[in-house]
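Inspection log for the structure reproduced underneath, given as structure tokens.
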Amino acid sequence: MLLAYIFEVDIDIFNDRDLKEKPHDDLLGKSPRDVMQSFGVEWGRKLIHPDIWVKRVENLIDHYLRLVLSDVRFDN
């Protein structure tokens, strides 16, 4: 995952249910969840394009026969 690479942290802190809720020193006191939300919304949707993640999923749909989206934050 890009964020684990950028902050030089173990990717598990972004995936583990408990770890992703706790502030982390290497994330400047932010929780992994806060960092992921900021990246997805502030950078992705606001800075790049409101439909950045929709376009990404559309691209995935073109390459896979089956795709499950287990969670979505916004209607689009």
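No lab work stands behind these numbers, since they all come straight from the coordinates. Nothing here was measured: the structure is a model prediction, and the numbers come from that model.
Listed values, structure above:
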| item | result |
| --- | --- |
| Relative contact order computed over the stretch 2-50 (Cα-Cα under 8 Å; 6+ residues apart), in percent | 23 |
| Proximal lysine pairs, the chain, alpha carbons under 24 Å, eight or more residues apart or interchain | 5 |
| q = 0.14, 0.22, 0.30 Å⁻¹: log10 I(q)/I(0) that the Debye formula gives for the stretch 6-49, counting C-alpha atoms only | -0.32, -0.71, -1.02 |
| Structure-based [θ]222 nm, the chain - -39500 (n - 2.57) summed over DSSP H runs of at least 4, per residue, nearest 500 | -8500 deg cm²/dmol |
| Most mobile listed residue (Asp26, Asp62, Asp16) in the chain, GNM with C-alpha springs under 10 Å | Asp62 |
